[in-house]
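The next block holds one structure in the form of structure tokens; read it before the comments.
The values are calculated or read from the model by the stated rules, or taken from the named source; none is laboratory data. For clarity, every value in this text was computed on a predicted model and none was experimentally measured. A quick note on method: Cβ atoms are made from the backbone with ideal geometry, for glycine too, and the neighbour counts reach across all protein chains shown.
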Amino acid sequence: MVKTAAGAQDQPTNAFATKALERLHQIEQEATEKKQQELKNLRTALATIDQRIDELTEQKELIANAIGQISGRKEAKRTGGTRTDYSDFRPRLKRWMEGHKGEKFTSTDLAREFPELAGKQVSIVIKPLLDDGSIKKHGERSNTVYYVD
């Protein structure tokens, strides 16, 4: 009879521990989801800021040209757009592509997944990864897909 009583006590303790572990796992999962959402929001904000900087640079050039024309001076020389450094982005793209081994992605798919590629020429951003063989491509122009073997 003592064994039955002890067995009955062990079961609620195990159930309590199981529930506690499940709740702990749920909390960790919620935290991870919140972090991922915040990371996505920050990346979107960064892409939006980069796009806005490009727009402002273009407006600045237009205003400088207008001032040059009104004042009779030569038209202001058009300066090149601001260059974005993708050296910190490429390893992240490479890891993501390796995590999706065997899948093929178009430039549009990649721009959807990575907001910092929105409005950019994906082939130029990816070129160093293509050159070192990390990422492969198939097709030309609008039919190009990128993948990892």
For segment 115-133 the number of residues that are modelled with pLDDT of 90 or more, outside any helix (DSSP H, G or I) and surrounded by 12 or more Cβ atoms within 10 Å (Cβ to Cβ) is 0
Flagged in segment 134-147 as closer than 14 Å to Met97 by Cα and either in a loop (DSSP other than H, G, I, E, B) or outside the structural domain of Lys104 (by TED's automatic domain parsing) (or both), in numbering order, are Ser134, Ile135
Only one of (1) part of a loop (DSSP other than H, G, I, E, B); (2) without any contact (Cβ under 8 Å) to a residue 24 or more places away in the chain; (3) not polar (S, T, N, Q) does not apply to Arg112, and that is (1)
State yes or no: is Arg90 touching a residue at least 24 places away in the same chain (Cβ under 8 Å), closer than 21 Å to Val148 by Cα and of a type outside the set (A, V, I, L, M)?
yes
